[in-house]
Amino acid sequence: MDGTGGPGAALERAAADADVVEAWLRGLASNRALPVEVLARLLEFDEPSVPTFWLRHRPLDAAATELVVASPQVQHRLDVTENPTADVDVLARLARDPEPRVRFVYTVMLFEYCRRIPAGVLEILAEDPEPKIRRIVRGGGAPPVAAQEPAPTSAPVLTPEQRVAHPDRSVRLEAAADPELSTALALRLATDPENDARLAVSMREELTEDQRTAIPCTVPQQFWSPPSWIARQATDPDTARRIASSAYLGLRRALAAQPHLPPDVVTLLAADEDEWVRRTLAEYCEDAPHELLVELYATVQDRYWSGFRHHRNFARPGLARFADDPNPRLRNAALDDPETGPELPLKLADDPEVSARAVSDPRLPADELLRRLARPAHAAAAACNPTLPVAVMHHLLDLARAH
């Protein structure tokens with residue numbers, strides 16, 4: 001860094017702006033290439049301008065986990081308990097943390113994330129001074145109240161006729177989906193007052209198309225748990241093709257939720273007239289076609305639209321053709337073209353609707369990246385760029401500390 005008028009001088013001037021300094025801290029906190037020595041310095045800020053939830057989401061190896069677990073800030077230690085990448089052996093030290101809140105959240109997360117539990121940890125927590133922590137350990141992860149409830153008594157055995165006529169909806173729902181229940185009895189539930197019971201009947205494997213479509217029920221948009229027979233037969237081309245061509249919407253949505261499908265079946269579902277068949281295919285099927293993913297990314301109007309970018313079939317050569325598209329989502333998608341060079345992020349770095357991604361793109365030229373660090377609108381994205389030199393990261397923290 002120089003002090004004569006180059007990028008270093010620009011950073012010195014920019015550091016006088018508190019908003020820019022805060023942007024640097026936010027960007028560094030999100031930088032996935034942040035080395036452990038820079039992470040250590042970032043953790044030293046007593047009142048970081050960015051909420052520490054970033055510690056829950058960034059990748060943490062054993063060395064990084066050790067830093068956070070040893071942090072004097074309680075919030076740091078609370079957040080690391082929720083990071084699924086944190087080293088479980090290092091996290092085990094939190095079983096003896098002096099702060100009860102940390103020990104409690106650590107205990108909850110042990111069972112919530114089904115983590116490997118290092119030897120001796122449960123024994124330590126079982127003797128914790130906090131009763132709620134001891135109850136969680138005794139209940140194997142169940143909520144504390146569950147440990148206080150008496151064990152349920154054995155339910156009486158019901159006949160099939162009693163199950164379909166039972167006043168308890170849960171009993172009827174279970175009967176409707178039970179493949180051992182006769183078709184004739186199951187069809188009695190086709191007029192059940194509960195939509196879920198009627199839906200479960202409509203999804204039974206043995207029904208004909210006419211029987212299914214005659215059952216009045218609402219099929220959820222975002223599919224529930226598909227029947228096991230569909231998952232079992234989804235990779236059989238003939239069966240999958242028959243389901244994909246069914247007139248019954250429930251079957252097509254259930255099939256679209258399978259992780260792998262024959263190519264011609266994927267093509268059928270990708271062209272389905274029902275939006276939620278297509279969306280389910282894009283969200284759950286690893287074979288969803290690139291064209292469908294791009295279409296949904298560009299047009300879906302709810303908060304799930306951005307997720308289609310993360311599908312393995314989204315990034316493809318040719319996306320750069322959208323760099324001048326009037327739709328900002330498609331301009332953003334252009335940056336996922338793996339065959340473009342630095343000219344693309346450079347072109348989009350001043351586009352106010354996609355500049356954050358463009359400036360954080362590792363293809364952005366180094367000199368341009370340094371210039372962007374001094375601009376308030378781009379400082380956070382530039383600090384987040386994984387190609388930012390480690391020396392520059394340290395310099396930003398020096399400036400942040402000085403100001």
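The values are calculated or read from the model by the stated rules, or taken from the named source; none is laboratory data. Note that the structure is a prediction, hence the values are computed from the model and not measured. Glycine gets a Cβ as well: all are built from the backbone with ideal geometry, and neighbour counts include every protein chain shown. In case anyone asks, the SASA skips ligands and DNA or RNA and just uses the protein heavy atoms, side chains included. Shrake-Rupley method; radii C 1.70, N 1.55, O 1.52, S 1.80 Å.
As an exercise: evaluate LEU261 against (1) of a type outside the set (S, T, N, Q); (2) in a loop (DSSP other than H, G, I, E, B); (3) open to solvent by 40 Å² or more (accessible area, probe 1.4 Å); (4) at pLDDT 95 or above and give the number of the one condition it does not meet.
All conditions are met except number (3).
Quick test for you: out of ARG32, ARG58, pick the one residue that is under 23 Å from HIS395 (Cα atoms), open to solvent by 50 Å² or more (accessible area, probe 1.4 Å) and within 25 Å of the chain's Cα centre (by Cα).
Selected residue: ARG32, the only one of ARG32, ARG58 that is under 23 Å from HIS395 (Cα atoms), open to solvent by 50 Å² or more (accessible area, probe 1.4 Å) and within 25 Å of the chain's Cα centre (by Cα).
Could you check the range 233-250 and list, in sequence order, the residues that are surrounded by 12 or more Cβ atoms within 10 Å (Cβ to Cβ) and assigned to a helix (DSSP H, G or I)?
Within the range 233-250, GLN233, PRO237, THR239, ALA240, ARG241, ARG242, ILE243, ALA244, LEU249, GLY250 qualify.
So VAL68 clears everything in (1) under 21 Å from the mean Cα position of the chain (by Cα); (2) farther than 20 Å from PRO386 by Cα; (3) not in a loop (DSSP other than H, G, I, E, B) except one condition, right? Which one?
So the condition that VAL68 fails would be (1).
Just wondering, is there one or more residues in the range 75-85 that are open to solvent by 70 Å² or more (accessible area, probe 1.4 Å), charged (D, E, K, R) and either assigned to a loop (DSSP other than H, G, I, E, B) or in contact with a Lys or Arg (Cβ under 7 Å, 6 or more places away or on another chain) (or both)?
No, that holds for no residue.
With (1) touching a Lys or Arg at 6+ places or on another chain (Cβ under 8 Å); (2) under 17 Å from VAL219 (Cβ atoms); (3) without any contact (Cβ under 8 Å) to a residue 40 or more places away in the chain as the list, and GLN258 as the residue in question, which single condition is left unmet?
Failed condition: (1).
List pairs: first in the range 273-285 and open to solvent by 30 Å² or more (accessible area, probe 1.4 Å), second small (Gly, Ala, Ser) and part of a helix (DSSP H, G or I), Cβ under 8 Å, 6+ apart or cross-chain?
ARG278/ALA256; ARG278/ALA270; GLU283/GLY307; TYR284/ALA256
What residue, of ASP264, ASP302, is free of Cβ contacts under 8 Å to residues at least 24 places away in the same chain and charged (D, E, K, R)? Walk me through it before giving the result.
On the way: ASP264 fails: free of Cβ contacts under 8 Å to residues at least 24 places away in the same chain.
Going through ASP264, ASP302 in turn, just one is free of Cβ contacts under 8 Å to residues at least 24 places away in the same chain and charged (D, E, K, R): ASP302.
Looking only at residues in the range 177-190 that are assigned to a helix (DSSP H, G or I) and at pLDDT 95 or above, which one is most open to solvent (accessible area, probe 1.4 Å)? Can you show your working first?
Taking the range 177-190 as the starting set, the residues that turn out to be assigned to a helix (DSSP H, G or I) are 177, 183-190.
Add one more test, that the residue is at pLDDT 95 or above, and what stays is 183-190.
Numbers: THR183: 46, ALA184: 74, LEU185: 18, ALA186: 1, LEU187: 59, ARG188: 145, LEU189: 3, ALA190: 13 Å².
Per the criteria, the residue is ARG188.
Could you check how many residues of the range 73-92 are touching a His at 6+ places or on another chain (Cβ under 8 Å) and free of Cβ contacts under 8 Å to residues at least 24 places away in the same chain?
We begin by selecting, within the range 73-92, every residue touching a His at 6+ places or on another chain (Cβ under 8 Å); these are 83.
Narrowing the set further to residues that are free of Cβ contacts under 8 Å to residues at least 24 places away in the same chain leaves none.
Final tally of qualifying residues: 0.
Between ALA70, ALA95, which is among the aliphatic types (A, V, I, L, M) and free of Cβ contacts under 8 Å to residues at least 24 places away in the same chain?
Within the list ALA70, ALA95, the selection yields ALA70.
Pick out, from the range 290-373, the helices (runs of 4 or more DSSP H) lying fully within it that include 1 or more residues that are within 22 Å of ASN31 (Cα to Cα), touching a His at 6+ places or on another chain (Cβ under 9 Å) and hydrophobic (A, V, I, L, M, F, W, C).
Helices (runs of 4 or more DSSP H) meeting the threshold: 355-360.
Could you grab the pairs with beta carbons closer than 7 Å, sequence gap of 6+ or different chains, first residue in the range 225-249 and more than 16 Å from GLU206 (Cα to Cα), second one among the acidic types (Asp, Glu) and assigned to a helix (DSSP H, G or I)?
Hits for this filter: ARG241/ASP264.
From the list ARG93, ARG103, ARG116, exactly one residue is farther than 19 Å from GLU44 by Cβ, open to solvent by 40 Å² or more (accessible area, probe 1.4 Å) and assigned to a helix (DSSP H, G or I). Which is it?
Only one candidate qualifies: ARG93.
Can you find, within the range 295-307, the residue that is nearest to ALA270 (Cα to Cα) among those that are of a type in the set (A, V, I, L, M, F, W, C) and open to solvent by less than 30 Å² (accessible area, probe 1.4 Å)?
Once the filter is applied, the top-ranked residue is LEU296.
Quickly run through the range 210-227 and pick out the residues that are open to solvent by 30 Å² or more (accessible area, probe 1.4 Å), at pLDDT 90 or above and of a type outside the set (Asp, Glu).
Passing the criteria: GLN211, THR213, ALA214, PRO216, CYS217, THR218.
Could you list all residues from the range 336-367 that are acidic (Asp, Glu) and buried (at least 16 other Cβ atoms within 10 Å of the Cβ)?
Passing the criteria: ASP336, ASP337, ASP351, ASP361.
Hey, among the residues in the range 308-327 that are open to solvent by 40 Å² or more (accessible area, probe 1.4 Å) and within 14 Å of the chain's Cα centre (by Cα), which one's nearest to VAL354 (Cα to Cα)?
The selected residue is ARG309.
Among the residues of the range 12-27, is any modelled with pLDDT of 95 or more, surrounded by fewer than 19 Cβ atoms within 10 Å (Cβ to Cβ) and in a helix (DSSP H, G or I)?
no
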